[in-house]
Amino acid sequence: MTPDMSLFPCMILRMFPPKMPALVGYLLLLTAFPYSHAQSVHPELIKPSKANPHIKNYNDENVVLRPVKMDDAPILVFLPGTSGKPENPKLLLQIAAEQGYRVLGLEYNDTPAVAQVCPSQPDRTCSEKFREMRIWGTGKGTPGITNPVEESIVARLVALLQILAKQHPSERWSTYLTPENEPVWSRIAIAGQSQGAGMAAFIAKKESLYRVILFSSPIDFTAVQGFVQFAPWLTWPSATPADRWYAERNVREPFNQKLTKTYSLLGIPADHIAVNTLDLPANIDASNPMAYHGTNINDPRYIPEWRLLFGKVGK
């Protein structure tokens, strides 16, 4: 049964109360599926603080996976959801490597979530300011939301590419950076889940990416006195062309109706959206309303959809 979306702001606060980063059940879901597949890809793990000693917070290991043919393969950056760890969706990242990407699971400052902060704010640009601070470390930010530039998503990505270039010069990681040490966005795809997908979408609006893949987000809006208004940035012109946007949602996750609307506002082609409908695996608690939200990146039954969303490099 589809939830009553008029109760959405209250639902957000119940699911993500300000003093609890995420539901325990949702975190358990992230490790419910084994890391095994026909073509095993062994990850390299790098602490953010090793890449840049100025990083003091959010220091879970970044994950690096290499495809069979490195050559000039594009990079796929994966941004996890709130309280997620880059290594959690192991199978998803492995499939991306099998599709031909150099895969970087990137740690970033991911609590609190946009959905914890902005729905109750009267400022419709709240999520825009929030995401700009998290991604670039610039702008005014949202009240209570700040981070050093060194801990921004882009700075973390640059630092990771720099240490990979230093440690593995033959792999030519430096070619994904400009002489000014900016990412070469045209050679970088970004995927994300939940809050991470919102970050991916925001970057895709600003930069022309190789591809952008959204798992169950963004759902940026304000809902003061029960009046829902979607964030203006969702309808900005996109630097990334529409034919490079892809997304996935589950018809039974609590945000499904909002996602249907925001994917439309973003201009994602209908045939680029995977709509998941399977029941939960038997070992997952169906009473947890967030279970369907997480299963999109962890359930191996969705591998065919993941391959379509990532595409095959070189084809």
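Computed values, structure above
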item	result
Relative packing of peptides 150-160, 192-202 - highest average C-beta neighbours within 10 Å first	192-202, 150-160
Spin-label pair residue 229/residue 307, simplified geometry with 7 Å Cα→Cβ offset, distance in nm	4.6 nm
Accessible solvent surface per residue of the chain, calculated while the other protein chains remain in place, 1.4 angstrom probe, Å²	42 Å²
Sulfur and carbon atoms: percent of accessible area, the range 237-309 [1.4 Å]	56 percent
Relative contact order %, the range 191-315, counting alpha carbon pairs below 8 Å whose residues are six or more apart	23 percent
Ordering of 85-98, 250-263, 134-147 by burial proxy (mean other Cβ atoms within 10 Å per residue, highest first)	85-98, 250-263, 134-147
Kirkwood hydrodynamic radius (C-alpha pairs) into Stokes-Einstein, the range 45-136, 4 °C and 1.567 mPa s, D in µm²/s	88 µm²/s
Cα extents of the range 95-250 along the three principal axes, largest first (Å)	57, 33, 25
FRET efficiency for residue 171 and residue 275, using Cβ-Cβ distance with R0 set to 41 Å, rounded to 0.05	0.65
GluC sites (Glu not before Pro) restricted to DSSP loop in the range 176-270 with at most 12 other C-beta within 10 Å	180
Given charges at beta-carbon only (K, R positive; D, E negative), |dipole| of the chain in Debye	200 debye
Mean shadow area of the range 249-303 over all directions, Cα convex hull, nm²	3.9 nm²
The chain: calculated mean residue ellipticity at 222 nm from DSSP helix runs of at least 4, using -39500 (n - 2.57)	-8000 deg cm²/dmol
Relative contact order of the range 31-151, defined on C-alpha pairs under 8 angstrom at six or more residues apart (%)	23 percent
DSSP-defined beta bridges in the chain - what % are antiparallel, rounded to 5	35 percent
Principal axes of the chain: Cα extent on each, largest first, Å	56, 45, 35
Where Cα atoms sit under 21 Å apart: lysine pairs in the range 101-249 separated by 8 or more or lying on different chains	5
Carbon plus sulfur fraction of accessible area for the range 57-211, probe 1.4 Å, in percent	50 percent
Cα centroid of the range 60-79 to Cα centroid of the range 237-315, whole Å	21 Å
Cα-derived Rg over Rh, computed across the range 114-189 with Rh taken as Kirkwood radius	1.12
Residues listed by number, the range 156-178, amide nitrogen under 13 Å from residue 70 label point at 7 Å toward C-beta	164-176
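The values are calculated or read from the model by the stated rules, or taken from the named source; none is laboratory data. Just so it is clear, the model here is predicted, and its values are computed rather than measured. Counting neighbours? That spans all protein chains shown, and the Cβs are built from the backbone with ideal geometry, glycine included. Accessible surface is based on the protein model in full, side chains and every heavy atom, while ligands, DNA and RNA are left aside. Shrake-Rupley method; radii C 1.70, N 1.55, O 1.52, S 1.80 Å.
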